[in-house]
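Okay, structure first, notes after.
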Amino acid sequence: MRGMSAAFTTDFLISFALVAIILILLGLIINLYSELSTIKKRYKKMMGGAEGTSIEQMLAEHSSELSQAVGEYKKIQGQVDVLNELVRSSLARVAVIHFDAFEKTGQGLSWCVALLDRNNNGIIFSSICGQEAERSYVKPIEDGRVSPNYKLTREEEQALRQAMHR
């Protein structure tokens, strides 16, 4: 009987261990099922979105809005580029010099004005005033230099330098 009792005890222990393992596994399965249920609820809530729209619909709408915003940005950037070019070519630098063209007048009635854009292109306008006459001159300026066809007076050069350094 001893042999039978040892076999019975061994079989009982093995059976008991298997039942314990099955109960542990069953507990793990119940726990996993509970967590899966919670995750499913969260997923459905998240995918349901606000106001009955799904997250896929919301992403599609946001993607469409983003595409429109990028299009608007490109349009505005083009307008900014046009405005920048307009500003570069508009009058930006001005200098005025008053001087006595003739020693006898002494009143500083003669003057010259340098009118330049940001690229140092523009004109120098001069007015030489004497006691009996007044003469006006306009000289074109390109890249900060007068055309070889013209010569600048000392006062015109001074006005050009002042305007270029503003």
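The values are calculated or read from the model by the stated rules, or taken from the named source; none is laboratory data. Here the structure is a predicted model, which means the values were calculated and not measured. Note that we place each Cβ from the backbone using ideal geometry, even for glycine, and neighbour counts take in every protein chain shown.
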Which pairs have Cβ atoms under 9 Å, sit 6 or more apart or on different chains, and link a residue in segment 77-105 that is in a strand (DSSP E or B) and of a type in the set (Lys, Arg) to one that is modelled with pLDDT of 90 or more and surrounded by fewer than 12 Cβ atoms within 10 Å (Cβ to Cβ)?
Arg93/His165
So, of the residues in segment 118-166 that are of a type outside the set (Asp, Glu) and assigned to a helix (DSSP H, G or I), which turns out to be farthest from Leu91 (Cα to Cα)?
Arg154
I need a count of the residues in segment 117-163 that are more than 19 Å from His98 (Cβ to Cβ) and of a type in the set (A, V, I, L, M, F, W, C).
2
Which of the following residues is within 36 Å of the chain's Cα centre (by Cα) and either more than 30 Å from Gly48 (Cβ to Cβ) or acidic (Asp, Glu) (or both): Ile141, Ile97, Ile124, Ile128?
Ile141
Does Gly71 satisfy the criteria of being part of a helix (DSSP H, G or I), of a type outside the set (Ser, Thr, Tyr) and closer than 30 Å to Glu142 by Cβ?
no
Asn84 vs (1) assigned by TED's automatic domain parsing to the domain that holds Gly144; (2) loosely packed, with under 13 Cβ neighbours inside 10 Å; (3) closer than 29 Å to Met164 by Cα: all pass except (1)
Suppose we filter Ile97, Ile128, Ile124 for residues that are buried (at least 17 other Cβ atoms within 10 Å of the Cβ), more than 15 Å from Met164 (Cβ to Cβ) and of a type outside the set (Ser, Thr, Tyr); which single one remains?
Ile128
